[in-house]
Structure formats: C-alpha cells, structure tokens
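K.L.:
Can you keep this structure in mind? I'll have questions shortly.
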Amino acid sequence: MTKAKGIIVPVTPFQQNCTVLWCEATKRAVVIDPGGDLPEIERAIADAKVTVDKIWLTHGHVDHVGAAAELKARLKVPIEGPHRADLFLLQHVAETARAYGILNAANVTPDRWLDDGDQVEVGELSFDVLHCPGHSPGSIVFFNAAERLAIVGDVLFAGSIGRTDLPGGDHRQLLTSIADKLLPLGDDVAVISGHGPATTIGREKAGNPFLQGAATA
Ligand SMILES: [Zn+2]
Ligand SMILES: [Zn+2]
C-alpha cells in the first residue's frame, strides 16, 4: 500500500474490524463498518489526523452497521453501501442488536445503494464495488486495484468464510461469489476481513480449507 493507509478498530462484542481508511495524499478518509464503540472509532480518526468524508457499509449485520446512523449524524457525511438486497437487515438493526444484548444500535438507511461494477472514491483513491452475496444477500467488497487491497466484510476470512446460517445466507452462493469475484483479483491482493487477522488472496487460495477445489479463474 502506498496512497492508502488505515487503522483497524475492533468494535462490538463481536470484535468486528471497523476500518478507518484514508488517502495519504489528501488525508480524506472513509469509515468502513462502524458497528459500535464510537468513542474508539473517533479516537482513531483523531489519531490519524484525517477528515472523514464518507461511511461505507459492506453488509447489513448489526456488528457492522450498529453505529452508522449515529456516526453519520455526528460527522454529517453520507453512507454508501451495501447492496439494496440487505435492506431487510438494515430495517431491523435495533431489534436484532437487542437480542444480542447491544442496546444502542440503530436502524440505518444508506444515502447510496451500491451494485456490482459501481465505483466509490475517497480522496484520490478509487474502489470497485463487487457484489458478493452468500453471507448476506447484499454483501459487497471494496477493491482498489492500484493499491492491491480488498475490504471484504464477512465474505472471506483468514482460514475461513462467512457463516451462512443467518437470514438470506446461502453457502453455495457464497462459494460462487468467492470463486468468481475474489480469487481472480490476484494472489498479491491484501484482504481486510470483518473479523480476525488480515490475509491475502493467495494465502487463502492455497490454504483456506473451504476453498479447496474452487475455481480459480
Ligand atoms: Zn456479517
Ligand atoms: Zn460480522
């Protein structure tokens, strides 16, 4: 990575990797998946000395979006993503969160739905949007070809893949999304997942037990 810099802030009881990502040339930033624990996210923004322009959401699960509405209100920035197919999740964030014992999560309405082939920008950085359903119907991945960087939400993890037992989940569809959209990005692409350590496409292609035998295009 050269122009892109980031800080990962694990948030919520699910230790979800909220990422404050910025363009080093302009110090303009995006907060990806502000699931909760806003004070820690705001501390990371202050430490980085960046200006947040946008909030991006990879998908509609509580641990990724629970604090998005409040952060939007505080920063007065638009929310982009996920894909519209996760609308049913975003409309029930508060009640789903309560079932997990999280009391301050709010429903959220994006300012811009994203679809496969869309582009989103922060500073001088441009990311392609890849629609990768399976973990949730509206899951998307943000990919910056120049920086060789993908932010994948809960589609792919180091050594694992997203769970598919939640509403709208589909295991076969998830494997197809990974095989068709993620593995072709290139072995050198760094992957920031929604939970756990960072990895690379090449490492997962070689060693992820869920992907053995998957098409590698
Ligand atoms: Zn999820
Ligand atoms: Zn998650």
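The values are calculated or read from the model by the stated rules, or taken from the named source; none is laboratory data. Nothing here was measured: the structure is a model prediction, and the numbers come from that model. Note: ideal-geometry Cβ built from the backbone for every residue, glycine included; neighbour counts use all protein chains shown. For accessibility, only protein heavy atoms count, side chains too; no ligands or nucleic acids. Shrake-Rupley method; radii C 1.70, N 1.55, O 1.52, S 1.80 Å.
K.L.:
Of all accessible surface on segment 128-217 at a 1.4 Å probe, what whole percent is carbon and sulfur?
P.N.:
Answer for segment 128-217: carbon and sulfur cover 55 percent of the accessible area.
K.L.:
Let me ask another. I'm checking a number: the convex hull volume of the Cα atoms of segment 1-82, normalised per residue, in Å³. What is it?
P.N.:
81 Å³
K.L.:
Could you give the length gained on full extension between GLN15 and ASP47, defined as 0.36 nm per residue of separation minus the Cα-Cα distance, in nm?
P.N.:
9.5 nm
K.L.:
So, one more: Work out Dmax and Rg for the chain from the C-alpha atoms and quote the Rg first, both in angstrom.
P.N.:
15.9, 46
K.L.:
Would you mind classifying segment 102-217 by shape? Square roots of the alpha carbon gyration tensor eigenvalues, ordered a ≥ b ≥ c; an a/c under 1.5 is rounded, otherwise it is prolate if a/b is larger than b/c and oblate if not.
P.N.:
oblate
K.L.:
While we're here: Please name which of ALA68, LEU175, THR96 has its Cα lying farthest along the dipole of the chain towards the positive end, using unit charges on Cβ (Lys, Arg +1; Asp, Glu -1) and the Cα centre as origin.
P.N.:
ALA68
K.L.:
Given a cut-off of 28 Å, name the pairs among LYS76/LYS181; LYS49/LYS181; LYS3/LYS205; LYS49/LYS205; LYS76/LYS205; LYS27/LYS181 whose C-alpha atoms lie farther apart than that in the structure shown.
P.N.:
LYS76/LYS181; LYS49/LYS181; LYS49/LYS205; LYS76/LYS205; LYS27/LYS181
K.L.:
Relative to the Cα centre, what is the charge dipole magnitude of segment 25-175, using +1 at the beta carbon of each Lys and Arg, -1 at the beta carbon of each Asp and Glu, and rounding to the nearest 20 debye?
P.N.:
240 debye
K.L.:
So, in Å, what gap is there between the alpha-carbon centers of segment 1-60 and segment 94-132?
P.N.:
13 Å
K.L.:
Still on this structure, please answer the following. So, taking all protein chains as they sit and a 1.4 Å probe, how much accessible area belongs to LYS5, in Å² rounded to tens?
P.N.:
80 Å²
K.L.:
What spacing in nm lies between the two simple spin-label points modelled at HIS171 and ARG98, each 7 Å away from Cα in the Cβ direction?
P.N.:
3.3 nm
K.L.:
Right, another one. List the relative contact order of segment 1-142 as a percent without decimals, with contacts defined as Cα pairs under 8 Å and 6+ residues apart.
P.N.:
Relative contact order here is 21 percent.
K.L.:
Rounded, prolate or oblate: which one fits segment 155-217, using the alpha carbon gyration tensor with axes a ≥ b ≥ c (rounded when a/c is under 1.5, else prolate when a/b beats b/c, else oblate)?
P.N.:
oblate
K.L.:
What is the sum of charges, Lys and Arg at +1 and Asp and Glu at -1, for the other residues whose Cβ falls under 12 Å from the Cβ of ILE41?
P.N.:
-4
K.L.:
I would also like to ask the following. How would you classify segment 54-163 from its alpha-carbon gyration tensor, with a ≥ b ≥ c the square roots of the eigenvalues: rounded for a/c under 1.5, else prolate if a/b is greater than b/c, otherwise oblate?
P.N.:
It is oblate, given that a/c is not under 1.5 and a/b is not larger than b/c.
K.L.:
Further question: Given Cα pairs under 8 Å that are at least 6 residues apart, what percent is the relative contact order of segment 90-217?
P.N.:
Computed over segment 90-217, the figure is 18 percent.
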